[in-house]
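The values are calculated or read from the model by the stated rules, or taken from the named source; none is laboratory data. Owing to the predicted nature of the structure, the values given are computational and were not obtained by experimental measurement. Every residue, glycine among them, receives a Cβ derived from its backbone with ideal geometry; neighbour counts consider all protein chains shown. For accessibility, only protein heavy atoms count, side chains too; no ligands or nucleic acids. Shrake-Rupley method; radii C 1.70, N 1.55, O 1.52, S 1.80 Å.
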Amino acid sequence: KFPISRDKIWYRAPWGVEPLFGLASHLQPGFSDILFSCQASLPSNDCRHSFSLQAIREAVRLLRFQRPTIAARLARPILDNGEPAAKGSRLIYEAVSTEEDIESWLDQVIVDRSATAKHTGSLQEAIDLVMRDVGRGFDSPPSTLFHLHVIITPDSASIGLIARGSHVLVDAFGLTASVNQLIANIATNLGNDHRHELPWGEEVERLVGSAVDFART
C-alpha cells in the first residue's frame, strides 16, 4: 500500500534474471547486492571549499532526478496470512509529489558514517570497516534498494563513499556509472548552497524498462 494515488506510480514486472535476484533477496535480504567504494579529496591548497553532508544530500537528490531507477523498489503481493509473497513482485517507482518526499527518501538511503574516521584515524581503514559492516546483509528486506554510506574526515577535506545497490536494479557497471555521476554532482555543489530547481515528474522518462519493452519499440 502506498500513500499516493495510483496515477503517480510507475511499475513493471521484473524480467530476465531480475525475478531470480528479487526472489533471492526476499529469501536472504542483501543476497548478491553490489558494493562500490571510492574516496575523494580536495586539493591541499584549497582552503575555500569543504565537504559537507548537506552537499552530498543535494548531490544524491540530483542523482535521483538523473537516474530515477535508484529510487525504485520491489512491491510484492500480500498473502492471506499477511506475509509478502515470494513471487509476483513488481518494480515500482513513486513519482515525487513534494520536496518532503525527497527529504524522506534521502533520510532512508544516506547513512552518515563519519564517526568511523574519527575512531580509525585513516580514511581507507574507515572505508574498509564500513564495507565489512555493509556486506553483512540485512535481517529483513530493506525499504530501499540503493544505499549510500558517507564518511567525511574530521577536517572535511576528504570523503569516502560506499554505495550498495540491489542486483534487481543495477549491475556493477550501472552502479559504477551512478557513483561516477554522483561524484560529478558533489564536485559541482562544492561551495554552492543553491538548491537545484528540478522539474519533478519528468524523471520518469528515464526509468529503465525491461528488455521486452525495448524490443517492442
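Within segment 31-49, can you find the residues that are modelled with pLDDT of 90 or more and of a type outside the set (A, V, I, L, M, F, W, C)?
Applying the first criterion (modelled with pLDDT of 90 or more) to segment 31-49 yields 34-42.
Passing the criteria: Ser37, Gln39, Ser41.
Among (1) surrounded by fewer than 19 Cβ atoms within 10 Å (Cβ to Cβ); (2) in contact with an Asp or Glu (Cβ under 6 Å, 6 or more places away or on another chain), there is one condition Thr176 misses while meeting the rest; what is its number?
All conditions pass for Thr176, except number (2).
Could you tell me whether Asp139 is touching a residue at least 12 places away in the same chain (Cβ under 8 Å), open to solvent by 40 Å² or more (accessible area, probe 1.4 Å), at negative phi and out of contact with any Pro (no Cβ under 6 Å at 6 or more places or on another chain)?
Here the answer is yes, as Asp139 does meet what is asked.
Failed condition for Ser104, given (1) closer than 19 Å to His149 by Cα; (2) touching a residue at least 12 places away in the same chain (Cβ under 8 Å), with all others met?
(2)
Any chance you could count how many residues in segment 180-205 are within 14 Å of the chain's Cα centre (by Cα) and either polar (S, T, N, Q) or under 26 Å from Glu100 (Cβ atoms) (or both)?
3
Among the residues of segment 69-106, how many are within 18 Å of the chain's Cα centre (by Cα) and farther than 19 Å from Ser166 by Cβ?
Residues in segment 69-106 being within 18 Å of the chain's Cα centre (by Cα) and farther than 19 Å from Ser166 by Cβ: 8 in total.
Of (1) open to solvent by 50 Å² or more (accessible area, probe 1.4 Å); (2) over 18 Å from Ala59 (Cα atoms), Ala126 satisfies all except one. Which?
The number of the failed condition is (1).
Just checking, which of Leu63, Leu74 is at pLDDT below 95, closer than 28 Å to Leu20 by Cβ, crowded, with 19+ Cβ neighbours inside 10 Å and touching a helix residue (DSSP H, G or I) at 6+ places or on another chain (Cβ under 8 Å)? Working first, answer last.
Details: Leu63 fails: at pLDDT below 95.
After applying the criteria, what remains is Leu74.
Within segment 77-119, work out how many residues are open to solvent by 60 Å² or more (accessible area, probe 1.4 Å) and in a strand (DSSP E or B).
Qualifying residue count for the region: 3.
Could you run through segment 42-57 and say how many residues are of a type in the set (Asp, Glu) and surrounded by 15 or more Cβ atoms within 10 Å (Cβ to Cβ)? Break it down stepwise before answering.
Filtering segment 42-57 down to residues of a type in the set (Asp, Glu) leaves 46.
Remaining after also requiring surrounded by 15 or more Cβ atoms within 10 Å (Cβ to Cβ): none.
Residues meeting the conditions: 0.
Name the single residue that is modelled with the highest pLDDT among those in segment 120-151 being more than 18 Å from the chain's Cα centre (by Cα) and in a loop (DSSP other than H, G, I, E, B).
Ser122
Look through segment 161-173, keep the residues that are open to solvent by less than 20 Å² (accessible area, probe 1.4 Å) and not in a loop (DSSP other than H, G, I, E, B), and return whichever of them is farthest from Val111 (Cα to Cα).
So, considering only residues that are open to solvent by less than 20 Å² (accessible area, probe 1.4 Å) and not in a loop (DSSP other than H, G, I, E, B), the one farthest from Val111 (Cα to Cα) is Gly165.
Among the listed residues Arg76, Arg61, which satisfies the condition of being out of contact with any strand residue (DSSP E or B) (no Cβ under 8 Å at 6 or more places or on another chain), within 30 Å of Arg12 (Cα to Cα) and among the basic types (Lys, Arg)?
Values: Arg76 fails: out of contact with any strand residue (DSSP E or B) (no Cβ under 8 Å at 6 or more places or on another chain).
That would be Arg61, the only listed residue that is out of contact with any strand residue (DSSP E or B) (no Cβ under 8 Å at 6 or more places or on another chain), within 30 Å of Arg12 (Cα to Cα) and among the basic types (Lys, Arg).
If the Cβ limit is 7 Å and pairs must be 6+ apart or interchain, which residue in segment 25-41 that is touching a residue at least 60 places away in the same chain (Cβ under 8 Å) and buried (at least 17 other Cβ atoms within 10 Å of the Cβ) pairs with which residue that is assigned to a loop (DSSP other than H, G, I, E, B) and polar (S, T, N, Q)?
Ser25/Ser166; Asp33/Ser166
Please go through segment 174-210 and pick out each residue that is assigned to a loop (DSSP other than H, G, I, E, B) and of a type in the set (Val, Ile, Thr). Reasoning before the result, please.
Step one: filter segment 174-210 for residues assigned to a loop (DSSP other than H, G, I, E, B), giving 190-201, 207-210.
Within segment 174-210, Val208 is the sole residue that qualifies.
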